1. Post the alpha-carbon centroid distance, region 69-100 to region 142-161, in whole angstrom.
2. Taking the mean number of other Cβ atoms within 10 Å as a proxy for protection, how do you rank 132-139, 168-175, 151-158, 182-189 from highest to lowest?
3. State, to one decimal in nm, how far the label point of residue 179 lies from the label point of residue 146, with both points 7 Å from Cα in the Cβ direction.
4. For residue 187 and residue 199, calculate 0.36 nm times their separation in residues minus their Cα-Cα distance, and state this gained length in nm to one decimal.
5. For the residue pair residue 45 and residue 130, what label-to-label distance in nm results when each label sits 7 Å from Cα along the Cα-to-beta-carbon direction?
6. Describe numerically, in nm with one decimal, the distance between label points set 7 Å from Cα along Cα→Cβ at residue 24 and at residue 37.
7. Taking 0.36 nm per residue of sequence separation and subtracting the Cα-Cα distance, how much length would be gained by fully extending the chain between residue 100 and residue 64, in nm to one decimal?
């Protein structure tokens with residue numbers, strides 16, 4: 001989706017098939033091998049960062065969230081049922097961390113505490129003021145979605161997941177994933193077309209970009 005090219009972050013990182021190297025890394029982590037932390041980070045930090053940036057926005061909290069995800073992995077690694085599915089496991093932790101951050105952000109706004117809901121200018125990696133403004137407006141639209149629709153939309157269009165992969169990542173049925181994506185897509189595109197900062201990023205091919213499996 002062309003609209004989401006506004007968002008700074010890593011290249012899309014779809015779930016991989018079960019991987020022998022992943023199983024070896026999990027075994028190292030379970031054995032508390034001191035090399036495991038650096039190896040797992042080097043292999044999957046870009047994937048986790050991409051999901052977090054696309055979901056919660058390019059904010060200062062991203063580095064803290066990154067740490068939470070990997071700390072959470074090492075705390076729970078002994079509970080992994082399929083050591084070869086390390087990437088999917090990390091994606092699941094990242095999704096839960098992002099959802100927690102979104103809930104906290106909403107609570108802060110409801111209670112009129114620290115968060116205004118607007119992205120600070122320093123959070124963007126672009127020097128173009130129009131693009132920075134567009135990013136803010138895009139995340140204002142995403143903030144209006146419920147957590148599941150937002151995550152489904154981001155995984156589908158920002159991360160490039162297939163429909164079945166979205167459903168698996170969110171722990172929902174394929175039909176539920178499709179409905180979430182459709183709701184989010186309709187909401188975001190309709191409002192983006194009427195937004196003075198976003199309409200130029202919306203084109204006729206947005207709703208079908210990337211193909212589909214359903």
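Here, each number is a calculation from the coordinates, and none is a lab measurement. Since this is a predicted model, take the numbers as computed values, not measurements. We place every Cβ from the backbone using ideal geometry, glycine too, and count neighbours over all the protein chains shown.
1. Rounded to whole Å, the Cα centres lie 19 Å apart.
2. Those peptides, ordered most packed to least, come out 151-158, 132-139, 182-189, 168-175.
3. 0.9 nm
4. This chain segment gains 3.0 nm when fully extended.
5. 3.5 nm
6. 2.2 nm
7. Gain in length upon complete extension: 11.7 nm.
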